[in-house]
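Engineer: Dropping a structure here in structure tokens format, bear with me for questions.
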Amino acid sequence: MPLTAEVLVKEASELSYAERAKLVDTLLTTLDPVTEDDCDAAWFAEIGRREQALADGTAQTHSWDDVKRQAREKVNG
């Protein structure tokens, strides 16, 4: 049987949770290596963007009560 993604997924699904997690982690690193520094830089840029939006009044904010109410509505249907 030729080695295909479908065959690999079938075989991998029989691995333990920890083995599947390790496999996923290993495969992800082969796609687009991202370093911790890249992640830190992206988070700092996002924090800066959000701080600026708050400072210039363009950020859309919500009260904690509204957030809780909306969450409950989504959970309860």
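Please treat every number below as a calculation from the coordinates, not as lab data. Model, not experiment: these values are computed from the prediction.
Engineer: With each run of n ≥ 4 DSSP H residues scored as -39500 (n - 2.57), what mean residue ellipticity at 222 nm is computed for the chain after dividing by its residue count and rounding to the nearest 500 deg cm²/dmol? Let's see the in-between values first.
Structural biologist: Numbers: 4 runs with 56 residues, N = 77.
Computed ellipticity for the chain at 222 nm equals -23500 deg cm²/dmol.
Engineer: Considering the values (1) 83; (2) 205; (3) 95, which represents volume of the Cα convex hull per residue in Å³ as calculated for the structure under consideration?
Structural biologist: Only one option fits the structure, namely (2).
Engineer: How about Lys10: which lysines have a C-alpha closer than 21 Å to its C-alpha, ignoring those fewer than 8 places off in the same chain?
Structural biologist: Partners found: Lys22.
Engineer: So how long is each side of the range 35-77 along the principal axes, counting just the alpha-carbon atoms, biggest first, in Å?
Structural biologist: If we take the Cα atoms of the range 35-77, the spans are 40, 29, 12 Å.
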